[in-house]
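Undergrad: Below: one structure in structure tokens.
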Amino acid sequence: MKRKITALLCIGILLLGGCAEKPAKQDVPKQSVVGQEGKEQETEEQKEKEQETADDKMYIGEYADSDAGGMNLEIGKGDDSSYIVQIGIAGLTYLEDGVGELTAEGMKFTATDAAGNPISGIITVEGKNAVVIFTDSTWEYLENGDSFQYIKSSDIPNIRSESQE
């Protein structure tokens with residue numbers, strides 16, 4: 001009797017296990033280590049890399065000024081782990097040499113203002129909306145705390161190079 005019940009349980013488990021939906025494969029291969037129990041565990045480094053890639057896609061692209069359609073915010077991936085940030089503020093300035101770094105708070109950037117001094121701030125993105133807040137400015141036309149809103153118009157940035165100017 002025990003053998004029949006055991007056999008029926010095994011068949012039931014095999015049938016139910018075969019009906020389970022397989023999870024979709026991810027583009028990024030996962031690194032893993034085998035624990036003492038034989039279970040796979042993702043390394044912390046891999047989790048951080050996957051989170052950064054997801055955040056990357058959220059930030060990278062072209063954004064139009066929500067008030068004056070002519071000026072843009074451009075964020076692109078640099079050669080190393082930094083980002084290229086170009087900020088246009090209608091009727092005021094164009095910051096073309098910005099360098100960004102992705103942090104837990106958002107994308108922190110530093111650029112050169114129109115007077116030739118360093119200027120920095122943070123960019124946050126929610127959905128298709130980006131907000132640029134200047135946090136360290138000595139330029140008389142941009143004060144600390146000044147913010148500008150942009151709306152994402154493309155996932156592909158239109159980064160201007162010096163040869164285009």
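The values are calculated or read from the model by the stated rules, or taken from the named source; none is laboratory data. The model shown is predicted, which means the values in this text are computed figures rather than measured ones. Because the Cβ atoms are built from the backbone with ideal geometry, glycine has one as well, and the counts that use them run over all protein chains shown. In case anyone asks, the SASA skips ligands and DNA or RNA and just uses the protein heavy atoms, side chains included. Shrake-Rupley method; radii C 1.70, N 1.55, O 1.52, S 1.80 Å.
Undergrad: Residue check: is ALA54 over 23 Å from SER147 (Cβ atoms) and either polar (S, T, N, Q) or at pLDDT below 85 (or both)? Before you say what the answer is, go through the steps one by one.
TA: Values: over 23 Å from SER147 (Cβ atoms): yes; either polar (S, T, N, Q) or at pLDDT below 85 (or both): yes.
Considered against the rule, which asks whether it is over 23 Å from SER147 (Cβ atoms) and either polar (S, T, N, Q) or at pLDDT below 85 (or both), ALA54 comes out as yes.
Undergrad: Within the bounds of segment 40-51, is there any residue that is modelled with pLDDT under 95, surrounded by fewer than 18 Cβ atoms within 10 Å (Cβ to Cβ), basic (Lys, Arg) and under 16 Å from the mean Cα position of the chain (by Cα)?
TA: Filtering segment 40-51 down to residues modelled with pLDDT under 95 leaves 40-51.
Adding the requirement that they be surrounded by fewer than 18 Cβ atoms within 10 Å (Cβ to Cβ) leaves 40-51.
Imposing the further condition that a residue be basic (Lys, Arg) reduces the set to 47, 49.
Subsequent filtering for residues that are under 16 Å from the mean Cα position of the chain (by Cα) retains 47, 49.
Yes, segment 40-51 contains at least one residue that is modelled with pLDDT under 95, surrounded by fewer than 18 Cβ atoms within 10 Å (Cβ to Cβ), basic (Lys, Arg) and under 16 Å from the mean Cα position of the chain (by Cα).
Undergrad: Quick check on segment 139-163: of everything there that is part of a loop (DSSP other than H, G, I, E, B), among the polar types (S, T, N, Q) and modelled with pLDDT under 95, which residue is nearest to MET58 (Cα to Cα)?
TA: First pass over segment 139-163, keeping only residues part of a loop (DSSP other than H, G, I, E, B): 139-146, 155-161.
Add one more test, that the residue is among the polar types (S, T, N, Q), and what stays is 144, 158, 161.
Among the residues that remain, those that are also modelled with pLDDT under 95 are: 158, 161.
Working: ASN158: 16, SER161: 23 Å.
Ranking the candidates gives ASN158 first.
Undergrad: Hey, can you tell me all the residues within segment 126-140 that are hydroxyl-bearing (Ser, Thr, Tyr) and either surrounded by fewer than 13 Cβ atoms within 10 Å (Cβ to Cβ) or touching a helix residue (DSSP H, G or I) at 6+ places or on another chain (Cβ under 8 Å) (or both)? Break it down into steps so the answer makes sense when it comes.
TA: Taking segment 126-140 as the starting set, the residues that turn out to be hydroxyl-bearing (Ser, Thr, Tyr) are 135, 137-138.
THR138, the sole residue that qualifies.
Undergrad: Could you please find all residues in segment 103-132 being of a type outside the set (A, V, I, L, M, F, W, C) and either at positive phi or in a strand (DSSP E or B) (or both)? So that I can check it myself, show each step before the final result.
TA: In the first step, residues of segment 103-132 are kept if they are of a type outside the set (A, V, I, L, M, F, W, C); the result is 103, 105-106, 108, 110, 112-113, 116-118, 120-121, 124, 126-129.
Across segment 103-132, the qualifying residues are GLY106, LYS108, THR110, THR112, GLY116, PRO118, SER120, GLY121, THR124, GLU126, GLY127, ASN129.
Results for (1) open to solvent by 40 Å² or more (accessible area, probe 1.4 Å); (2) within 17 Å of LEU142 (Cβ to Cβ), shown as yes or no for each residue.
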{"position": "LYS57", "(1), (2)": "yes, no"}
{"position": "SER66", "(1), (2)": "yes, no"}
{"position": "SER82", "(1), (2)": "no, no"}
{"position": "LEU92", "(1), (2)": "yes, yes"}
{"position": "THR103", "(1), (2)": "no, no"}
{"position": "PHE109", "(1), (2)": "no, yes"}
{"position": "THR112", "(1), (2)": "yes, yes"}
{"position": "SER120", "(1), (2)": "no, yes"}
{"position": "THR124", "(1), (2)": "yes, no"}
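Undergrad: Given (1) of a type in the set (Asp, Glu); (2) modelled with pLDDT under 95; (3) within 21 Å of ASN158 (Cβ to Cβ), identify the lone condition not met by ASP97.
TA: (2)
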